[in-house]
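Notes follow the structure.
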Amino acid sequence: MTRVAADWLALRESFDAVARNEHLTRQLAPFALEHDEPLSVLDLGSGTGANFRYLAPRLPCDQSWMLVDIDHLLLQSVEGETEQWAHRQGWTVEREGDATLFRCGRRRWAVECHHLDLMRELDKIDFRRFRLVTASALADLIGPAWFDDLAQRCHDAGAAVAVTLTYDGRRVWAPRDPDDEVIVEWFNRHQQRDAGFGPAMGPRAGEYMARRLRNIGYRVLTERSDWHIMPEHMAMHHTLIEDAARPCRELVPWESGRIEAWAERRRWLVEEGSCQLTVGHVDLLALP
């Protein structure tokens, strides 16, 4: 299971980086510079560290990151992934206790990894230590009650919140297929099942989070961060066809024949080099 997860995270990282909304990142920069000490960042559901690799170079300050995930093996791969990334940029990497230190010119970033079950062990995190709480490609999997608790903890700590690449229910293929709409409908219904954080918000997550954070006093900005999968991105197309079909088969197993026929037509278009796909996401930044 972890190997599959790691392969998926590696495949999507470049698409995520292109999709993420640069305007919101620029809006975060002044907040990051409000204090002289390094910006302390908590990254929830960090995987192999892609959120750190994207955001750290774009914030004009020293930073101290805590990466939290339930998957031991994904966390173990953070050091290797980030070291290779840093060396490709010509940056230096060293160890200091439990932290990995990255030096980019005069800037310095420290990264520590912690294994934690976010559903059951959130109390183990001292949110007062952090000025920014981030999560990427996580919010549509969580329930509203869990997010309410998280939002209040962040608010009480005076921390900004940056939640990126939240699926918003849009999957638009070209050319169109008669069954595209029903596949998306079934997929979106499946996304609202319990993924370990209570019944998930699914495509409603972006709207719900923005409303909840505004209600407790945050200034909230949201922008689209869509994936645009072009004909040459064949591996991503094949992965997303199965990503759509598998939950549909789980939700409506009696429609498996129809689902497989749809998937086969889509695969044929991919191999023909004529398939495009837009997957809708939203980025959110909440400033205290």
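The values are calculated or read from the model by the stated rules, or taken from the named source; none is laboratory data. Values in this document were obtained by computation on a predicted structure and should not be read as measured data. Here the Cβ positions follow ideal geometry from the backbone for every residue, glycine too, while neighbour counts run over all protein chains shown.
Odds and ends about this structure:
- Verdict on Trp109 being within 30 Å of Trp268 (Cβ to Cβ) and either in a strand (DSSP E or B) or touching a residue at least 40 places away in the same chain (Cβ under 8 Å) (or both): no
- Residue tally, condition buried (at least 18 other Cβ atoms within 10 Å of the Cβ), touching a helix residue (DSSP H, G or I) at 6+ places or on another chain (Cβ under 6 Å) and part of a helix (DSSP H, G or I), over the stretch 128-143: 2
- The residue that is farthest from Gly143 (Cα to Cα), among those in the stretch 185-221 that are part of a helix (DSSP H, G or I) and of a type in the set (S, T, N, Q), is Asn215.
- Of all residue pairs spaced 6 or more apart or on separate chains, those with beta-carbon atoms under 9 Å, a first member in the stretch 8-31 that is under 30 Å from Ile241 (Cβ atoms) and a second member that is in a helix (DSSP H, G or I) and basic (Lys, Arg) are Glu13/Arg53; Ala17/Arg53; Glu22/Arg58.
- Which numbered condition Ala162 misses (of (1) surrounded by fewer than 18 Cβ atoms within 10 Å (Cβ to Cβ); (2) on the phi < 0 side of the Ramachandran plot): (1)
- The residues of the stretch 160-184 that are out of contact with any helix residue (DSSP H, G or I) (no Cβ under 6 Å at 6 or more places or on another chain) and either at pLDDT below 95 or assigned to a strand (DSSP E or B) (or both), listed by number, are Ala162, Thr164, Arg170, Val172, Ala174.
- From the list Asp226, Asp156, the one residue that fits, being of a type in the set (Asp, Glu) and under 18 Å from Leu44 (Cβ atoms), is Asp156.
Residue-by-condition table, conditions (1) part of a helix (DSSP H, G or I); (2) under 18 Å from the mean Cα position of the chain (by Cα):
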site	(1), (2)
Asp7	yes, yes
Leu28	yes, yes
Leu42	no, yes
Cys61	no, no
Trp85	yes, no
Leu101	no, no
His114	no, yes
